[in-house]
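Reviewing the structure listed below.
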Amino acid sequence: MIPAPIFAPEAFRLTPSEADLTARARDFSARILAPRAPRWDLEASFPADNYADMHREGWLGICIPREDGGMGADFRAYCLVAAEFGRACGATALTWNMHVCSTLWSGMLTDDLEMDAATRATHRARRSAHYAGILGQGLVYSQPFSEGGAAAAGGVAFGTTARRVPGGFLVNGRKIFASLSGHADRYGILPTEARESQNASRRDTLYLAVPADAPGVSVTGDWDPLGMRGTVSRTLVFQDVFVAEVAALMPAGLYFQAARRWPHMFLTLSPTYMGLAQAAYDFCIRYLRGEEPGTPPVKRRQYPTKQIAVAQMHVMLEQTKAIWFQAVTEAGPDPSKEQVMRAYAAQYSVMENAHAIAALAIRTCGGQAMLKSLPLERIFRDSRCGALMLPWTAELCLDRLGRDALYEHGETDP
Ligand SMILES: Cc1cc2nc3c(=O)[nH]c(=O)nc-3n(C[C@H](O)[C@H](O)[C@H](O)COP(=O)(O)OP(=O)(O)OC[C@H]3O[C@@H](n4cnc5c(N)ncnc54)[C@H](O)[C@@H]3O)c2cc1C
């Protein structure tokens, strides 16, 4: 059965294109993603079958510009679709986010950034080649940025390095928690361009697509986590890996500009968890009404304590939807300080509330509802992971909100 939209097109004044995309996303979720979700979680295996179907139905190219053959979705349209996918399968939505960002960031986002005409022409030719591989061969991209130090939080330069050699770069380093490891065709990494003459700087961050089968690339470590088990986020090691210059997803120096001028780019992990918040609420309603498939038709909705808990969940869900919708609506280049703070608040709200709603749903529905044969306990475990995702972890959002509320740019205490 196809559920009602998370964001009703009329109520949220979606564009016709957004209404169409989200309707198709709900249909895809019901047909493909939801029925398979238990399997990836149980096996901690990558949802490869989902990716084959996403390729067939065009979803790998959602943010590829129309002139390159993609769906041409903008930031908000993508977020709305990703929330619907996350509602059905958290691990697929989260890994799909890594893939889509490779196209959104190299596509629409870079169109808003400054570069000279020749650099832009070269960038457009390179990204078109990436897009042709995605649309034609179904190539899947990942985004392994984390290294276990302060770099993924934006504090220091990445320790993974790319040294210029004729025709490209030699990459050395290690990325941890690399979702899609062993399954992506291209690892979209952020290394620091190595220069003999100066200390490593975040300004020298490159964004390169490393072919997964390049000599020197290896996947290490186990994968048996609490939640988001289908992401298969193992460790990637790069040892003298040659990456051609044409494999760059952004021109040199542009990632640094993007992170400063387009900060909402880091909000793209949140749609998955917006969907999980809705999924936990949906389950609770179905269960208390005695309508959850696979459970006896016992109604539990008549108890006042259950009604109060559902009311609390409803309030939390509406609050979360409201701030998230506003934040994804105002995403764009050079946002005001207020808009950036709202984006932090939205990220915090989604990541924390998704899990709080899931926890309340378990308490309210009771013991039978947390059996592994039902989706709620998977939603509970998956939703716990959201607050941990760098660079905008729940803690870091609070840090920045507190600082920015009390200090103007450049202000210090004597
Ligand atoms: C399911 C899952 C999938 C993931 N997939 C990917 C992926 O595809 N690509 C990728 O790059 N990463 C991915 N990550 C990694 C994620 O973004 C974080 O890098 C990772 O969770 C950090 O773990 P850690 O123990 O090293 O945290 P630490 O770096 O030790 O941080 C612990 C906590 O301390 C706080 N903290 C960290 N740095 C600072 C700082 N400078 N100042 C103040 N507080 C700080 C943060 O709140 C953080 O949560 C994934 C994580 C999970 C759970």
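Values in this text are rule-based calculations from the coordinates and carry no lab data. Being a predicted model, the structure only gives us computed values, none of them experimental. Note: ideal-geometry Cβ built from the backbone for every residue, glycine included; neighbour counts use all protein chains shown.
Placing +1 on each Lys and Arg Cβ and -1 on each Asp and Glu Cβ, with no other charges, gives the chain a dipole about its Cα centre of roughly 960 debye. Can you return the lysines within cross-link range of residue 321? Criterion is Cα-Cα under 26 Å, with same-chain partners fewer than 8 residues away left out. Cα-Cα hits under 26 Å: 306, 337.
With charges set only on the Cβ (+1 for Lys and Arg, -1 for Asp and Glu), what does the dipole of region 262-406 come to about its Cα centre, in debye to the nearest 20? Write out the running numbers ahead of the final one.
Details: 16 positive and 13 negative charges, 138 e Å.
So the magnitude is around 660 debye.
The slack in the chain from residue 194 to residue 295, taken as 0.36 nm per residue of separation less the alpha-carbon distance, amounts to 30.5 nm. Remark: region 56-107 carries a charge dipole of roughly 140 debye about the Cα centre, counting +1 on each Lys and Arg Cβ and -1 on each Asp and Glu Cβ. Select from 156, 210, 81 the residue whose mean-square fluctuation is largest in a Gaussian network model of the chain (Cα-Cα springs shorter than 10 Å). The residue that fluctuates most here is 156. Of the trypsin sites (Lys or Arg not before Pro) found in region 1-90, those in coil by DSSP whose Cβ has at most 15 other Cβ atoms within 10 Å are 13. Modelled spin labels at residue 165 and residue 220, positioned 7 Å past Cα toward Cβ, are 2.0 nm from each other. Fully extending the segment from residue 52 to residue 246 would add 67.2 nm, taking 0.36 nm per residue of separation and subtracting the current Cα-Cα distance. With both labels modelled 7 Å from their Cα along Cα-to-Cβ, the residue 45 to residue 409 distance reads 5.1 nm.
Filter the GluC sites (Glu not before Pro) in region 185-283 to those in DSSP coil with at most 10 other Cβ atoms within 10 Å of their Cβ, and list the result. Sparse-neighbourhood loop GluC sites (Glu not before Pro): 196.
Got the relative contact order for the chain handy, in percent, Cα pairs under 8 Å and 6 or more residues apart?
Numbers: 736 pairs, mean separation 66.8, N = 414.
16 percent.
Residues considered: 270, 201, 128. Largest GNM mean-square fluctuation over the chain, using C-alpha springs under 10 Å, is found at 201.
Compared with the alpha-carbon gap, the fully stretched path from residue 20 to residue 4 is longer by 4.4 nm at 0.36 nm per residue. Counting other Cβ atoms within 10 Å, which GluC sites (Glu not before Pro) in region 47-99 have at most 16 and lie in a DSSP loop? Those satisfying the criteria are 57.
Projecting the Cα positions of 211, 199, 221 onto the charge dipole of region 161-252 (unit charges on Cβ atoms of Lys, Arg, Asp and Glu, taken about the Cα centre) puts 199 furthest along the positive direction. GNM on the chain, alpha-carbon springs under 10 angstrom: the most fluctuating residue among 200, 125, 356 is 125.
Fewest Cβ neighbours within 10 Å first, please rank 119, 364, 205, 220 accordingly.
Result, fewest neighbours first: 220, 119, 364, 205.
Calculated mean residue ellipticity at 222 nm for the chain: -15000 deg cm²/dmol, from DSSP H runs with n ≥ 4 weighted as -39500 (n - 2.57), summed, divided by the residue count and rounded to 500. Projecting label points 7 angstrom from Cα along Cα→Cβ for residue 66 and residue 122 puts them 3.1 nm apart.
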